[in-house]
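Asker: A single structure is presented below for examination.
The values are calculated or read from the model by the stated rules, or taken from the named source; none is laboratory data. Computed from a prediction, not measured in an experiment: that's the story for all the values here. Glycine gets a Cβ as well: all are built from the backbone with ideal geometry, and neighbour counts include every protein chain shown. Calculation scope for accessible area: heavy atoms of the full protein, side chains included, ligands and nucleic acids excluded. Shrake-Rupley method; radii C 1.70, N 1.55, O 1.52, S 1.80 Å.
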Amino acid sequence: MKLTYFPFILFISLLLNSCNNNESESPVIRIVSPNENETFSVGSNITIQINANDPDGIIERVAIEVNDQQVSEFDFEPYSYVWSTDGYAEGVQNIKATAFDNDGLTSSTTIQITLDVENPQITTLPISFTGATHIQSGIEIESSGNPSIVQAGLCWNQTGSPTVDDDIVLLSEEGNPIIISGLEIDTEYHIRAFADNGISITYGETLTTTTLSTYVSDTGSMIDSRDGNTYNWVQIGNQKWFAENLMYEGGVIETPFGPLYDGIECPDGWHVPSEDEWNELIDFVGGPEIAGGVLKETGTENWTPPNTGASNTAGFNALPTGYGTSGLGIPTHSGLYNSTMFLISNEPAGRRVQLFTHSEIVNFAFTSNSYFFAACRCVEDN
């Protein structure tokens, strides 16, 4: 009986072995890099490298997913992909690789890595100027961090602990100082630096200052003994300036706001200001980037729009006389209602102080081939 069943059992065994030998094997896949639990900075590029093979066939394709989203697919070697982490949140990230073979079988492997943010190191620079409508400060970037800074500057408000949801001014290519303009007079402001790397915002220390109510410390009037004209003056810092244009005879061009001269004398005790005296005034009211607005008469009754930045908080009342040029010997008047020029003593006739309706900048204009005829403001002798 035992011999009778032996051939049958042997047949079944051979049949089963034959079936097992016909079964396909799944592909083998491994993530070579990055390493499990490795840490990277947000914004860095990570090379994902895959090894894949099939013991009894060929690999038709390899797919890579990050956090269940496919980011790349390959149908030939090398299976290597550079993953940019820009825009990804910090924290744990899942990387999955799947291999597909010609028998329709798949194998997958998964690792985890961590993305970290290195915040920038910044400092709010001391307030270097507080005027009536302007504040100057800045930002010192000690370290840009990672990812790199997208934008940086100053934020401010009137209530404390300002953020980028309040008013901001960005750091420009010119760098510091950063000028905050268009402020209310005699008002407390809180400012601090910020740096935004696209993922998080870092803030510096909050500084507080109060804007001035005016740059004027005294006012008065004087009479020009030459013709009896009375002029108002204002004291700005250590200087006393005419608060209106000189109206003495001798002008080359007449304007609604006084004559334009190529040179003139001021009343006794007063003189045409030098460039150094102009610079003292300009610096006292905040520097050339904003002084034009401080010195200009406000509104658009005399200045054509927009009369940018005009606050007249120095009581200087600059009016849009325009300017004259000599041309071919015949005086030509330009820029009326849009600009003004003022004389500088001991300078070539082509060098003048200039203000514009479209800007709050003070400019030192110069021409070498003609004369500029300009209005005159007198400053008191020391």
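Asker: Does Val169 meet the test of being part of a loop (DSSP other than H, G, I, E, B) and touching a residue at least 12 places away in the same chain (Cβ under 8 Å)?
Answerer: no
Asker: Among the residues of region 257-294, which ones are within 17 Å of Ala318 (Cα to Cα), open to solvent by 10 Å² or more (accessible area, probe 1.4 Å) and among the aromatic types (Phe, Trp, Tyr)?
Answerer: Within region 257-294, Phe257, Phe284 meet the criteria.
Asker: Only one of these is polar (S, T, N, Q), open to solvent by 20 Å² or more (accessible area, probe 1.4 Å) and within 27 Å of Val294 (Cβ to Cβ): Ser107, Ser181, Ser161, Ser143. Name it.
Answerer: Ser181
Asker: Just the residues that are out of contact with any strand residue (DSSP E or B) (no Cβ under 7 Å at 6 or more places or on another chain), open to solvent by 40 Å² or more (accessible area, probe 1.4 Å) and modelled with pLDDT under 95, please, taken from region 164-178.
Answerer: Within region 164-178, Ser172, Glu173, Glu174 qualify.
Asker: Considering (1) at pLDDT 95 or above; (2) not in a strand (DSSP E or B), say which one Phe6 fails and leave the rest.
Answerer: Here Phe6 meets the rest and fails (1).
Asker: Still on this model: Please go through region 197-232 and pick out each residue that is open to solvent by less than 30 Å² (accessible area, probe 1.4 Å) and either free of Cβ contacts under 8 Å to residues at least 40 places away in the same chain or part of a strand (DSSP E or B) (or both).
Answerer: Scanning region 197-232 gives Thr202, Thr209, Gly220, Met222, Tyr231.
Asker: Residue under question is Val117, and the condition is that it be exposed (fewer than 13 other Cβ atoms within 10 Å of the Cβ) and either at pLDDT 95 or above or among the aliphatic types (A, V, I, L, M) (or both); does it hold?
Answerer: Here the answer is no, as Val117 does not meet what is asked.
Asker: Considering only residues of region 93-104 that are open to solvent by less than 30 Å² (accessible area, probe 1.4 Å) and not aliphatic (A, V, I, L, M), which is nearest to Asp56 (Cα to Cα)?
Answerer: If we take residues in region 93-104 being open to solvent by less than 30 Å² (accessible area, probe 1.4 Å) and not aliphatic (A, V, I, L, M), then Asp101 is nearest to Asp56 (Cα to Cα).
Asker: For Gly138, which of the numbered conditions (1) closer than 20 Å to Ile199 by Cβ; (2) under 15 Å from the mean Cα position of the chain (by Cα) fails to hold?
Answerer: (1)
Asker: Moving to a separate point now. Restricting attention to strands (runs of 3 or more DSSP E) lying wholly within region 21-138, give those where 1 or more residues are closer than 30 Å to Ala310 by Cα and among the small types (Gly, Ala, Ser).
Answerer: Filter on region 21-138 gives 121-130.
Asker: If I go through region 233-262 residue by residue, how many of them are within 42 Å of the chain's Cα centre (by Cα) and part of a loop (DSSP other than H, G, I, E, B)?
Answerer: 12
Asker: Among the residues in region 122-132, are any aliphatic (A, V, I, L, M), open to solvent by 20 Å² or more (accessible area, probe 1.4 Å) and either on the phi > 0 side of the Ramachandran plot or more than 16 Å from the chain's Cα centre (by Cα) (or both)?
Answerer: yes
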